[in-house]
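The values are calculated or read from the model by the stated rules, or taken from the named source; none is laboratory data. These numbers come from a predicted model, not from an experiment. With ideal geometry, Cβ positions are generated from the backbone for all residues, glycine too; neighbour counts draw on all protein chains shown. The accessibility values were calculated without ligands, DNA or RNA, using every heavy atom of the protein model including side chains. Shrake-Rupley method; radii C 1.70, N 1.55, O 1.52, S 1.80 Å.
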Amino acid sequence: MNILNIIREQLSPEMLGQISKTVGENPEGTKTALQQALPALLGSAAAQASSPGGATGLLEMLKQKTPQGGWSESLSGLLGSAGGGSTGSSFVGSLLGPKMNLVRDFIAGHSGIRPESATSLMSMGGQILMGILGKQVMARGLGASGLGQLLSSQIPHLQGLIPPELANTLGIGNYLGMGKQAVSDAASQAAPVMEHARTTGASALRWAIPLAVALGAIILIYQQNRRGNVGGTADEVSSTVGTAATNVSAVGVNAAQGFTDRMKAAIASGDAAPVALQGVDFDSSGNLSAEAQTRLSQLGKLINESPSTQVTITAYGNGVEEATSRAKAIQAALVRAGLGPERISTQPEVGQGLPKVSFAK
């Protein structure tokens, strides 16, 4: 099932013209805005429903907002239902929260329509998605888990439809697999460099191998001469190398353990004192690094052990938009770790510094 295809099939030129007149914009700008708003809202819903708490919250909203006669089969029926505007606005607000104005401005700027028109179209998109999802919930008897699976199945259909800048604003770039794409692109760009290194290295080996053989022979003769005077030299060297390798490995283990211990102590305290998220950083594309993903997954599990704990994420950026995107990316990672989104609040700050987290009971 492709929800966006269902909408496209019903969004006839006549329907698009009616919507354009309603918001007071030209059909082309209206179409572009809807093409951005609908995937953005659907992707946000899928990300929210990826956690049990988020899926339950969406399911409850769908049930509470179901019209008395049920959801209409047609787009015109959905948009014309009683309370359609306020219902769609509530849905959009629950998905986007403080990001709503940022998303509105992005859509308005990229489609050439007024911000207030973008808000209206986002509400209409929210009403349409609620109707389609609500219809599926009723027809198939879906619970929270089933709704989560339905929304998760839409991810492949969203690929390439949400601009990276908008996905980062929404905080769902990693969830949609854009981080993997960035790695793939980086690997493609690195391929010519690696090929050059391989060719250069092969050329160097032509003269390096004979030199290495000669050097090895000299070392062997030297060690044989010393063996009678200094016993156990080889064992000592082996022991030293093994100890060094163990110490290097221990650095990573101790760093991870230190992160876990600090988070455990902060959660237990619950005094809302900010704690720096060491190791949680972003790459040049604005996506969380692999280490950051691992640490946030650990953090999500620790927080889940304290069900009454509320979390506040503070993230910094060169502007409000970048700071908000980073805070939402961290929130999304915690949600994927099983934490209910209703337990997480975000606080974007303009400036530089490590992200911080605070815990309150």
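Exactly one residue among Leu147, Leu161, Leu121 is under 20 Å from Gln10 (Cα atoms), in contact (Cβ under 8 Å) with a residue 40 or more places away in the chain and open to solvent by less than 10 Å² (accessible area, probe 1.4 Å), and that residue is Leu121. Mind checking whether some residue in the stretch 241-262 is modelled with pLDDT of 85 or more, charged (D, E, K, R), touching a helix residue (DSSP H, G or I) at 6+ places or on another chain (Cβ under 8 Å) and surrounded by 14 or more Cβ atoms within 10 Å (Cβ to Cβ)? No: zero hits.
Of the residues Leu4, Leu34, which is crowded, with 17+ Cβ neighbours inside 10 Å, in contact with a Gly (Cβ under 7 Å, 6 or more places away or on another chain) and at negative phi? Don't jump to the end; show me each part of the working.
Details: Leu4 fails: in contact with a Gly (Cβ under 7 Å, 6 or more places away or on another chain).
One residue alone meets the criteria, Leu34.
Candidates are the residues of the stretch 333-361 that are in contact with a helix residue (DSSP H, G or I) (Cβ under 6 Å, 6 or more places away or on another chain) and part of a helix (DSSP H, G or I); the one that is nearest to Ala290 (Cα to Cα) is Ala333.
Just the residues that are part of a helix (DSSP H, G or I), in contact (Cβ under 8 Å) with a residue 12 or more places away in the chain and open to solvent by 20 Å² or more (accessible area, probe 1.4 Å), please, taken from the stretch 269-293.
Listed by number, the residues that qualify are Ser269, Glu291, Gln293.
Can you pull out the residues in the stretch 1-26 that are of a type in the set (Ser, Thr, Tyr) and outside any helix (DSSP H, G or I)? Residue satisfying the conditions is Ser12 alone. Where helices (runs of 4 or more DSSP H) sit wholly within the stretch 103-158, those with at least 1 residues that are within 20 Å of the chain's Cα centre (by Cα) occupy 144-152, 155-158.
Say whether the condition of being touching a His at 6+ places or on another chain (Cβ under 8 Å) and either farther than 13 Å from Gln127 by Cα or modelled with pLDDT under 90 (or both) is met by at least one residue in the stretch 84-92. Walk me through it before giving the result.
Step one: list which residues in the stretch 84-92 are touching a His at 6+ places or on another chain (Cβ under 8 Å), which gives none.
No; the residues of the stretch 84-92 include none that is touching a His at 6+ places or on another chain (Cβ under 8 Å) and either farther than 13 Å from Gln127 by Cα or modelled with pLDDT under 90 (or both).
So is Gly300 outside any helix (DSSP H, G or I), out of contact with any strand residue (DSSP E or B) (no Cβ under 6 Å at 6 or more places or on another chain) and either open to solvent by 10 Å² or more (accessible area, probe 1.4 Å) or of a type outside the set (A, V, I, L, M) (or both) or not? No, not satisfied. Within the stretch 307-361, the residues that satisfy the criterion of being surrounded by fewer than 21 Cβ atoms within 10 Å (Cβ to Cβ) and of a type in the set (D, E, K, R) are Glu321, Glu322, Arg336, Glu342, Arg343, Glu349, Lys356, Lys361. For Thr66, the criteria (1) assigned to a loop (DSSP other than H, G, I, E, B); (2) modelled with pLDDT under 80 hold in every case but one, which is (2). Listed residues Leu79, Leu59; which is open to solvent by 30 Å² or more (accessible area, probe 1.4 Å), closer than 15 Å to Lys135 by Cβ and assigned to a helix (DSSP H, G or I)? It is Leu79.
Within the stretch 7-28, if we keep just the residues that are hydroxyl-bearing (Ser, Thr, Tyr) and within 34 Å of the chain's Cα centre (by Cα), the residue that is surrounded by the most Cβ atoms within 10 Å (Cβ to Cβ) turns out to be Ser20.
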